[in-house]
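What follows is calculated from the coordinates using simple rules that are stated; it is not laboratory data. Quick caveat: nothing in here was measured; it's all calculated off a predicted structure. In this analysis, Cβ positions are derived from the backbone assuming ideal geometry, glycine residues included, and neighbour counts consider all displayed protein chains.
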Amino acid sequence: MNAPAPMKIGMYLFEKVMTQHSTPVVVTVAPGRVVLVTADRVLADMPAHQLSTKVSKVLRLNELHGPWGKWMLGGLGAAKSPEFTEAQAREIVDAQEAAARDPHASQLELAHTVWVGRPTVADGSRSGGLNSVGAGESRMQPRIAPILDAALLAAGVRRT
């Protein structure tokens, strides 16, 4: 029997709260394994059972706890963050197309979700705030966080 197809999602890594910078990462969730990769390096490639997760109640970010401490993953990056590269976006789309066809992976909502995050338009200015509201950004993170959380738990990540 073949292993389920890995699922990938484009999230922004916040190493601390209230920062103006975040890093676009491709999060790969596979049975028993979680991998976080930036455009040029692997940040983490860990057995799922060595990690724990939860969705923060206030910010609705995915918290991923590991040997590094706590990392927060958001569907939207800080305003001054870089965009995902074309290669990262293509990697996510290709993986998700395969996951959606996989009879095992497709049982999870993440297998049917293609998400490549982007920096928020809320830059601290009045117009940035209005643009953020107009773009529906406040609804994005609460929708994405539980989808990733469910996939992480299914892969074997423990609940924090």
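Applying 0.36 nm per residue to the separation of residue 97 and residue 83 and subtracting their alpha-carbon distance, the gain on full extension is 2.9 nm. Partner lysines whose Cα lies under 19 Å from the Cα of residue 70, excluding those fewer than 8 positions away in the same chain, are identified as 16, 54, 57.
For the stretch 61-111, applying the loop criterion from DSSP together with a ceiling of 13 other beta carbons within 10 Å to the trypsin sites (Lys or Arg not before Pro) yields 80. Take the Cα of residue 42, step 7 Å toward its Cβ, do the same at residue 59, and the gap between the two points is 2.7 nm. In sequence order, the stretch 147-160 has phi-based couplings of 5, 5, 4, 4, 5, 4, 5, 5, 6, x, 6, 7, 7, 6 Hz under the Karplus curve 6.51 cos²θ - 1.76 cosθ + 1.60, θ = phi - 60°, and Gly or Pro positions carry x.
Database remark: amide H of residue 44 closer than 5 angstrom to the amide H of 36 (H placed geometrically; neighbours at sequence offset of 5 or more, or on other chains; Pro and chain starts carry no H).
Okay, which of the stretch 77-106 sit inside 16 Å, backbone N to the point 7 Å along the Cα-Cβ direction of residue 19? Under 16 Å, as judged by backbone N against the label point of residue 19, lie 77-83 of the stretch 77-106.
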